[in-house]
Amino acid sequence: MSASRSKSITGIDAHAHVFSRDLQLIGARRYSPEYDAPLDQYLEHLQTHGLSHGVLVQPSFLGTDNSYLLAALKQAPQRLRGVVVLEPGISRSTLKDMAQLGVVGVRLNLIGKALPDFRDSAWQGFFRDIADLDWHVELHREVRDLPGLIRQLTPFGVKLVIDHLGRPDANAGLDQPGFGELLEAGSKGSIWIKVSGIYRLGGTPQQNIDFARRALPLLEKSVGLHQLVWGSDWPHTQHEQSIDFATAADQLQALELSAQASAALLVQAPRRLFGF
């Protein structure tokens with residue numbers, strides 16, 4: 001079957017990356033890949049694990065050059081959506097061109113960075129354009145800082161997507177700074193949370209799973225199953241030696257979801273969020 005041919009939805013991977021080691025990397029980066037993560041390999045993983053669709057997220061080390069991601073979207077437009085990294089000040093026409101290719105969101109990867117001031121006029125115009133396009137803003141930051149960021153972004157009326165369970169510390173428990181506030185914010189606003197990157201929670205594999213298993217019912221109660229999505233986080237940058245797609249799928253199974261919850265995370269919620 002052609003990669004671009006439409007398929008019925010059997011499951012949606014809400015978070016993955018594609019790239020080549022030969023691409024131009026930004027200077028200020030936390031990671032440099034020593035391998036390729038091509039689209040055809042990613043689509044093979046989807047097929048192997050019974051998934052039909054995926055969402056490609058711009059990796060931080062490529063900065064705002066989204067050309068590789070956009071080229072991938074063109075190869076399988078019915079099966080893929082994209083989340084890009086942009087600077088405020090980008091033209092509305094460029095945003096609309098990206099939307100035509102299947103871009104549905106913009107990522108703010110703030111790990112290791114100074115927190116931006118969204119009161120700046122450039123940011124305000126940027127978020128107005130994002131809201132007009134009905135895109136979402138994806139936040140990647142440790143959980144302690146998320147409540148403040150959410151408060152700043154809420155007035156813009158954009159959908160907010162929280163990466164990797166909010167990046168809590170599995171060793172710090174459910175009452176760690178920021179997590180309770182994230183739950184409270186989720187019960188009030190248009191917030192989605194990615195159940196992904198469980199292996200990034202800072203504990204042993206079992207500690208990470210145990211934390212995610214305890215947190216999930218609280219997230220269900222807060223944001224609701226209709227706004228929780230699952231992502232593989234392929235190819236698991238910085239964790240390639242210990243994690244693969246099968247491991248990520250196994251971690252999802254380890255959460256012991258009901259059939260209803262599994263259908264919500266893998267099909268119903270991501271189909272609505274990403275517009276499949």
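The values are calculated or read from the model by the stated rules, or taken from the named source; none is laboratory data. Being a predicted model, the structure only gives us computed values, none of them experimental. Reconstructed Cβ throughout: ideal geometry from the backbone, glycine too, with neighbour counts over all protein chains shown. Note: areas computed on protein heavy atoms with side chains; ligands, DNA, RNA excluded. Shrake-Rupley method; radii C 1.70, N 1.55, O 1.52, S 1.80 Å.
Please specify each residue of the range 52-70 satisfying the condition of being in a loop (DSSP other than H, G, I, E, B) and touching a Ser or Thr at 6+ places or on another chain (Cβ under 9 Å).
Initial filter on the range 52-70 (in a loop (DSSP other than H, G, I, E, B)): 52, 58-59, 63-66.
Result: Ser52, Gln58, Pro59.
Sort out which residues of the range 244-264 are open to solvent by 20 Å² or more (accessible area, probe 1.4 Å) and either within 20 Å of Ser32 (Cα to Cα) or touching a Ser or Thr at 6+ places or on another chain (Cβ under 6 Å) (or both), and write them in order of number. Passing the criteria: only Asp244.
Taken over the range 84-112, residues that are in contact (Cβ under 8 Å) with a residue 12 or more places away in the chain, in a helix (DSSP H, G or I) and open to solvent by less than 70 Å² (accessible area, probe 1.4 Å) amount to 4. For Val267, the conditions (1) in contact with a helix residue (DSSP H, G or I) (Cβ under 9 Å, 6 or more places away or on another chain); (2) assigned to a helix (DSSP H, G or I); (3) open to solvent by 20 Å² or more (accessible area, probe 1.4 Å) are fulfilled apart from (1).
Here is a yes/no grid of residues against (1) open to solvent by less than 70 Å² (accessible area, probe 1.4 Å); (2) in a loop (DSSP other than H, G, I, E, B); (3) touching a Ser or Thr at 6+ places or on another chain (Cβ under 9 Å); (4) modelled with pLDDT under 95:
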residue	(1), (2), (3), (4)
Ala114	no, yes, no, yes
Phe118	yes, yes, no, yes
Gln124	yes, no, no, yes
Val137	yes, no, no, no
Leu146	yes, no, no, no
Arg151	no, no, no, yes
Val161	yes, no, no, no
Pro168	yes, yes, no, no
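Closer than 20 Å to Phe276 by Cβ and among the aliphatic types (A, V, I, L, M): is that true of Val18 in this structure? Against the criterion (closer than 20 Å to Phe276 by Cβ and among the aliphatic types (A, V, I, L, M)), Val18 qualifies.
Residue count for the range 205-244 under the criterion of being of a type in the set (A, V, I, L, M), under 19 Å from Arg141 (Cβ atoms) and in a loop (DSSP other than H, G, I, E, B): the result is 1. Within the range 228-256, the set of residues being touching a residue at least 12 places away in the same chain (Cβ under 8 Å), over 18 Å from Ala16 (Cβ atoms) and out of contact with any helix residue (DSSP H, G or I) (no Cβ under 6 Å at 6 or more places or on another chain) comprises just one member, Glu256. Gln78 satisfies every condition listed in (1) at pLDDT 95 or above; (2) more than 14 Å from the chain's Cα centre (by Cα); (3) over 30 Å from Gly202 (Cβ atoms) except (1).
Tell me whether the range 179-189 contains one or more residues that are touching a Phe, Trp or Tyr at 6+ places or on another chain (Cβ under 9 Å) and open to solvent by 10 Å² or more (accessible area, probe 1.4 Å). Checked the range 179-189: no residue is touching a Phe, Trp or Tyr at 6+ places or on another chain (Cβ under 9 Å) and open to solvent by 10 Å² or more (accessible area, probe 1.4 Å). The set of residues from the range 71-83 being without any contact (Cβ under 8 Å) to a residue 40 or more places away in the chain, open to solvent by less than 50 Å² (accessible area, probe 1.4 Å) and either part of a helix (DSSP H, G or I) or in contact with a Lys or Arg (Cβ under 6 Å, 6 or more places away or on another chain) (or both) comprises Ala71, Leu73.
Restricting attention to the range 11-51, the residues that are in a loop (DSSP other than H, G, I, E, B), open to solvent by less than 40 Å² (accessible area, probe 1.4 Å), under 26 Å from Gln78 (Cα atoms) and touching a residue at least 40 places away in the same chain (Cβ under 8 Å) total 5. Whenever a residue of the range 52-70 is crowded, with 24+ Cβ neighbours inside 10 Å, it has no partner that is of a type in the set (D, E, K, R) and assigned to a helix (DSSP H, G or I) lying with C-beta atoms less than 8 angstrom away and at least six residues away or across chains. Just give me the residues in the range 190-204 being out of contact with any strand residue (DSSP E or B) (no Cβ under 6 Å at 6 or more places or on another chain), buried (at least 16 other Cβ atoms within 10 Å of the Cβ) and either not in a helix (DSSP H, G or I) or not β-branched (Val, Ile, Thr) (or both), in sequence order. Passing the criteria: Gly197, Tyr199, Arg200, Leu201, Gly203.
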